[in-house]
1. I want to confirm something. Restricting to the stretch 116-167 and keeping residues that are over 15 Å from the mean Cα position of the chain (by Cα) and hydrophobic (A, V, I, L, M, F, W, C), which single residue is nearest to Glu206 (Cα to Cα)?
2. Could you please find all residues in the stretch 100-141 being modelled with pLDDT of 95 or more and of a type in the set (A, V, I, L, M)?
3. State the number of residues belonging to the stretch 38-68 that are open to solvent by less than 40 Å² (accessible area, probe 1.4 Å), farther than 18 Å from Val6 by Cβ and assigned to a loop (DSSP other than H, G, I, E, B).
4. Out of curiosity, is Phe204 under 20 Å from the mean Cα position of the chain (by Cα), of a type in the set (Phe, Trp, Tyr), outside any helix (DSSP H, G or I) and surrounded by 15 or more Cβ atoms within 10 Å (Cβ to Cβ)?
5. Select from the stretch 215-227 the residues that are within 19 Å of Ala173 (Cβ to Cβ) and either assigned to a loop (DSSP other than H, G, I, E, B) or free of Cβ contacts under 8 Å to residues at least 40 places away in the same chain (or both) and list them in ascending order.
6. Output the residues belonging to the stretch 88-106 that are more than 6 Å from the ligand (Cβ to nearest atom) and either in contact with a Leu (Cβ under 6 Å, 6 or more places away or on another chain) or not in a loop (DSSP other than H, G, I, E, B) (or both).
7. Criterion first (at positive phi and either within 17 Å of the chain's Cα centre (by Cα) or not assigned by TED's automatic domain parsing to the domain that holds Arg134 (or both)) does Gln55 satisfy it?
8. Filter the stretch 149-163 for residues that are over 21 Å from Gly94 (Cα atoms), touching a Lys or Arg at 6+ places or on another chain (Cβ under 8 Å) and not small (Gly, Ala, Ser) and give the result.
Amino acid sequence: MTEQSVGEAVLQRDGRSFGLVVGGAGGIVTPDDLERIARVAREHEVPLVKITTGQRIALLGLEECDLPAVASALGLDGYRLPGPCVKYIAACPGTMACRWGMQDTLALATALEAGFGGRTLPGKMKIGVSGCTRNCGCCFSRDLGFMGTGRGWMVFFGGNGGRHPRTADLVGANLTPDQAVDLAARLVDHYAASARVGERTARFVERVGIGAIRDEVLRFAPYLPLDDL
Ligand code: SF4
């Protein structure tokens, strides 16, 4: 949980209290992280601690005036209000723990976090990483998805699972971890430069067409065979 040094302060539905969301890529936490969170939650009488759908941890029901002290006690450099950015990188256990795992999901999630975790973007971005084709990381419904196979990583772009679901497009296959991270960085750069304010990747791909993504991004990635594009 140590990758992200800044928490996210989310206004709760009562319009008054806040949740402070912490956590890095892949839902990895150490015993020290858990002890620190438990201690802070007790000391500040946090009403509810919850694991989020994005594999982060939320301390819910905080008064706004308590946010600086709670963030400091958690060892954070501070907190920010929610904005359009890389929201989370959720990963299944992959080869670290799952019998079906074909690729190291936690290493890839950590590399993605280092590459562009928390980066400000036109719209929020959710990333899923699955260690095999059973797809516990929900790659098809994430803005960026990564699926491990025996031949490397498959990469998907433009998925969404919200009110207007969209199945992500396959944009790369049989990639090494470095190639998968590089392709993700190219897609994120293009999305950051080309999408409209507030436009999620699913709507962006629908508007410009996956053909334009191929022409402007994929064909410049040297590890993608041109015949497949
Ligand atoms: S996607 Fe595959 S490797 Fe990951 S938890 Fe599911 S079965 Fe295991």
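The values are calculated or read from the model by the stated rules, or taken from the named source; none is laboratory data. Note that the structure is a prediction, hence the values are computed from the model and not measured. Positions of Cβ are backbone-derived with ideal geometry, glycine not excepted, and every protein chain shown enters the neighbour counts. Note: accessible area is taken over every heavy atom of the protein model, side chains too, but ligands, DNA and RNA are not part of it. Shrake-Rupley method; radii C 1.70, N 1.55, O 1.52, S 1.80 Å.
1. Among those residues, the one meeting the criterion is Met154.
2. Across the stretch 100-141, the qualifying residues are Met102, Leu106, Ala107, Leu108, Ala109, Ala111, Leu112, Leu121, Met125, Ile127, Val129.
3. 1
4. It is false that Phe204 is under 20 Å from the mean Cα position of the chain (by Cα), of a type in the set (Phe, Trp, Tyr), outside any helix (DSSP H, G or I) and surrounded by 15 or more Cβ atoms within 10 Å (Cβ to Cβ).
5. Passing the criteria: Asp215, Val217, Arg219, Phe220, Ala221, Pro222, Tyr223, Leu224, Pro225, Leu226, Asp227.
6. Tyr88, Ile89, Ala90, Ala91, Thr95, Met96, Thr105, Leu106
7. Considered against the rule, which asks whether it is at positive phi and either within 17 Å of the chain's Cα centre (by Cα) or not assigned by TED's automatic domain parsing to the domain that holds Arg134 (or both), Gln55 comes out as yes.
8. The one that is over 21 Å from Gly94 (Cα atoms), touching a Lys or Arg at 6+ places or on another chain (Cβ under 8 Å) and not small (Gly, Ala, Ser): Asn160.
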